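Since the structure comes first, as structure tokens, the remarks are kept for the end.
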Amino acid sequence: MISFATTVFLSAFLLFQIQPIIAKMILPWFGGSSSVWSTCLVFFQAVLLFGYLYVHLLHEWLSPRRQNLVHCCLLVLSLATLPVIANPAWKGALFDNPTWSVLVVLASAVGMPYLLLSTTGPLMQAWYARSFANMMPYRLYALSNLASMLALLSYPVLVEPYFPVLEQAWVWSAAYVLFVFACLGSTWQSWKGVSNEMKPAIPAAGPAPRPAWGECVLWVGLAMTASILLLAMTRHLTQDVAPVPFLWVLPLSIYLLSFILCFDAPRYYYRPGFLVALPLALLALDQVLDGGSLPVPLLILLMSLSLFVFCMVCHGELVRRRPVVRHLTLFYLMLSIGGALGGSFVGLLAPAVFNAYYELPIGLLLCALLVVVVLWRGSKPVWRWLLVVALLAYAVRLTWISVDYVEDYRRVLRNFYGQLRVYDSSNGDLGVKRSLAHGRVVHGEQFLAPEHRRQATAYYCEKSGIGQVLRSLSGKQPLHIGVVGLGAGTLATYGRPGDEMRVYEINEQVLDLARSDFSYLADSPAHITPVLGDGRLMLESETNQNFDLLAIDAFSGDSIPTHLLTVEAMRVYLRHLSGEGVLAVHITNRYLDLRPVVAAAAQQLGMTALLVDFHPDASDVFCRRSAWVLIARPERATSLLKEISEAETLVARPGFAVWTDGFSNLLKILK
């Protein structure tokens with residue numbers, strides 16, 4: 001028994017450790033977008049599905065000892081794919097669609113080891129049931145989810161802050177070798193537990209009828225709904241409620257906790273209590289989805305409690321309907337199909353089909369529908385009618401909420417990189433102000449009145465760090481300016497005849513909106529050249545641009561992608577500067593203190609960093625609070641100190657480790 005438990009625990013722990021390791025490894029290749037993480041999750045769910053399908057076919061088609069032999073051979077072969085390090089050669093051979101590029105890179109780097117790890121849970125449970133006929137194998141599934149949660153919680157606290165990603169990959173690969181030996185030990189124990197007769201394993205209790213297809217569809221639906229709600233509520237929580245680092249851990253922990261509770265001891269799912277709590281949770285989310293003005297901590301609490309109720313209902317009903325051990329592998333196959341369908345719907349289909357985040361209302365409606373289906377059998381006719389009426393009323397309510405997602409906005413667009421919204425608001429005597437938002441973060445705004453439309457605003461106004469630098473360069477003709485991150489195109493307002501501005505933007509929809517809904521680009525007398533693609537990757541591939549100023553302003557949510565702040569990235573930026581050129585990095589952030597990151601990189605590269613932390617007056621309608629770090633050679637930095645008000649030298653924090661492409665530590669810079 002200890003052998004099986006050890007193998008299951010180790011496999012689940014490694015499954016959840018490799019996900020952030022490999023995702024962090026390839027993140028710089030795809031622009032640091034949060035969608036990379038979502039695509040990774042889709043990949044891991046799909047591989048999990050293939051793993052469960054393999055186990056089911058193995059269990060159904062082969063005799064016990066042939067199962068042992070086949071699996072042992074695959075385990076040994078998987079060692080040839082180690083270490084789990086993404087091949088840099090893929091970096092230069094990416095497809096036009098980032099989603100498929102991510103999937104191909106993941107398959108080549110971790111496909112085989114992850115597939116073998118994913119088979120371990122259901123396979124060990126099936127073999128455990130064969131070896132210990134009187135024991136309950138489903139508790140091993142709870143153990144695997146406990147291991148997954150420990151891996152999830154330990155990575156950002158104990159692994160990421162102390163080890164570069166390549167070291168993490170090597171250590172993980174060594175741990176995978178240990179797992180292979182542990183699994184081989186469990187296989188040997190299973191081998192000894194069966195007779196030499198080569199025939200399919202049938203429990204001593206005799207054959208059991210195969211579950212009906214309707215029951216299998218219900219298993220798929222319950223698992224899919226929980227997966228949809230997990231991903232959709234995580235996105236809503238981290239983008240529209242509070243873009244706080246590591247907040248994504250909370251919903252995933254709740255999801256895993258529900259698995260642990262339901263499968264370890266089904267009594268934790270007290271059905272009457274949770275079915276009463278379910279409509280309350282659905283109604284509580286109205287305050288979140290309807291844009292309520294509740295405090296952020298209360299919104300987070302409401303979403304967390306609601307998700308816990310949803311997951312407990314879905315997973316609790318799954319446990320109530322789990323089959324006899326003979327059909328255990330079929331049960332887990334249906335669960336994996338549901339998880340993969342839910343992940344694919346949110347991660348792949350929704351960004352391509354929807355212009356707003358409709359998957360959350362759809363997930364909520366599915367949850368309510370499945371509860372009606374579950375309660376339908378055995379209910380009296382009057383209760384059935386009440387359930388149908390309540391479901392229809394809730395569907396109407398969700399439709400209204402979905403319409404509100406787009407009704408008050410001028411434009412709503414969505415793709416792999418997230419959702420963009422353009423909206424107009426009245427600003428007293430100054431007239432209409434148009435804003436571009438990604439989640440809760442404004443990426444640019446413009447006053448539409450002719451006398452104000454060329455006025456630089458928000459983080460780029462004339463009093464900001466970037467505004468003062470550009471004004472200090474006004475005596476030099478012509479200027480060659482580089483910008484990583486377009487936004488609404490506000491910096492174009494500083495362009496003059498003869499100037500050339502080269503703008504790097506990864507999201508084509510941002511460029512389309514800057515051209516169609518804002519006039520900064522059209523009004524600028526400078527020659528503006530847009531370059532579509534990740535700014536860092538484009539700069540790496542280009543010859544020296546000799547920029548007088550290079551501005552790094554590539555926000556995603558409320559954080560700059562970490563791959564744009566590493567010392568390797570800084571080295572690329574500095575290569576493109578002229579002798580007197582200035583690198584300006586926008587570090588405005590509510591939750592992360594990015595000053596030590598930039599200061600450490602500047603110090604290592606022999607440059608001087610200046611901080612311009614600008615706080616506008618309450619009456620200033622054109623400016624927002626902004627923090628810019630200006631990096632230049634020491635002699636150029638000395639002159640900037642005299643030219644720019646409120647500039648101060650940024651000193652590196654003692655003992656702060658420089659961020660590299662293989663190492664970053666968000667815990668150290670939390671505010």
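The values are calculated or read from the model by the stated rules, or taken from the named source; none is laboratory data. If you're wondering where the values come from, they're calculated on a predicted model, not measured in any experiment. Neighbour counts run over all protein chains shown; Cβ positions are idealised from the backbone, glycine included.
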Could you check segment 453-561 for strands (runs of 3 or more DSSP E) lying wholly inside it with 2 or more residues that are buried (at least 24 other Cβ atoms within 10 Å of the Cβ) and assigned by TED's automatic domain parsing to the domain that holds Phe663?
-> 480-484, 500-505, 547-552
Checking Arg414, Arg321 in turn, the sole residue that is more than 25 Å from Tyr268 (Cβ to Cβ), in contact (Cβ under 8 Å) with a residue 60 or more places away in the chain and either of a type in the set (D, E, K, R) or touching a Ser or Thr at 6+ places or on another chain (Cβ under 6 Å) (or both) turns out to be Arg414
Out of Ala554, Ala488, Ala492, Ala514, which single residue is within 23 Å of Ile669 (Cα to Cα) and touching a residue at least 12 places away in the same chain (Cβ under 8 Å)?
-> Ala554
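Condition check ((1) at pLDDT below 90; (2) outside any helix (DSSP H, G or I); (3) assigned by TED's automatic domain parsing to the domain that holds Ala151) across all residues:
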position	(1), (2), (3)
Ile254	no, no, no
Leu257	no, no, no
Val276	no, no, no
Leu280	no, no, no
Leu283	yes, no, no
Val288	yes, no, no
Gly292	yes, yes, no
List every residue pair whose Cβ atoms lie under 6 Å apart, where the two residues are 6 or more positions apart in sequence or sit on different chains, the first residue falls within segment 1-12 and is among the aromatic types (Phe, Trp, Tyr), and the second residue, located anywhere, is part of a helix (DSSP H, G or I).
-> Phe4/Met124; Phe4/Tyr128; Phe4/Ser186; Phe9/Leu143; Phe9/Ala147
Are any residues in segment 48-66 among the hydrophobic types (A, V, I, L, M, F, W, C) and surrounded by fewer than 23 Cβ atoms within 10 Å (Cβ to Cβ), and if so, which ones?
-> Leu49, Phe50, Leu53, Leu57, Leu58, Trp61, Leu62
Is it true that some residue in segment 149-160 is at pLDDT 85 or above, touching a Lys or Arg at 6+ places or on another chain (Cβ under 8 Å) and either not assigned by TED's automatic domain parsing to the domain that holds Trp61 or not basic (Lys, Arg) (or both)?
-> yes
Do we have any residue at all in segment 425-439 that's part of a helix (DSSP H, G or I), modelled with pLDDT under 95 and of a type in the set (Asp, Glu)?
-> yes
Please go through segment 149-163 and pick out each residue that is crowded, with 16+ Cβ neighbours inside 10 Å, more than 23 Å from Leu261 (Cβ to Cβ) and of a type outside the set (D, E, K, R).
-> Pro156, Val159, Phe163
Kindly list, by first and then second residue, each pair from a residue in segment 156-172 that is in contact (Cβ under 8 Å) with a residue 40 or more places away in the chain and closer than 19 Å to Leu670 by Cβ to a residue that is of a type in the set (Ser, Thr, Tyr) and surrounded by 16 or more Cβ atoms within 10 Å (Cβ to Cβ), limited to pairs with Cβ atoms under 8 Å and residues at least 6 apart or on different chains.
-> Glu160/Ser664
Working only within segment 601-612, note down all residues that are within 10 Å of Leu650 (Cβ to Cβ) and of a type in the set (Gly, Ala, Ser).
-> Ala602, Ala609
What tally of residues in segment 436-452 results from selecting those that are small (Gly, Ala, Ser) and surrounded by fewer than 20 Cβ atoms within 10 Å (Cβ to Cβ)?
-> 2
Would you pick out the residues in segment 353-365 that are of a type in the set (A, V, I, L, M) and under 18 Å from Trp400 (Cβ atoms)?
-> Ala356, Leu360, Ile362, Leu364, Leu365
Given the structure, is Glu505 closer than 22 Å to Leu574 by Cβ and in contact with a His (Cβ under 8 Å, 6 or more places away or on another chain)?
-> no
For segment 569-594, the count of residues that are touching a Lys or Arg at 6+ places or on another chain (Cβ under 8 Å) and of a type in the set (D, E, K, R) equals 3
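Out of the residues in segment 623-634 that are under 33 Å from the mean Cα position of the chain (by Cα) and surrounded by 20 or more Cβ atoms within 10 Å (Cβ to Cβ), state the one that is nearest to Gly428 (Cα to Cα).
This residue is Cys623.
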Within segment 414-424, the count of residues that are crowded, with 19+ Cβ neighbours inside 10 Å and in a strand (DSSP E or B) comes to 6
Find the residue count for segment 639-654, including only residues that are part of a loop (DSSP other than H, G, I, E, B) and at pLDDT 90 or above.
-> 6
So Val422 clears everything in (1) more than 18 Å from Thr39 (Cα to Cα); (2) β-branched (Val, Ile, Thr); (3) assigned by TED's automatic domain parsing to the domain that holds Ser306 except one condition, right? Which one?
-> (3)
Among (1) surrounded by 15 or more Cβ atoms within 10 Å (Cβ to Cβ); (2) not in a helix (DSSP H, G or I), which single condition is Gly363 missing?
-> (2)
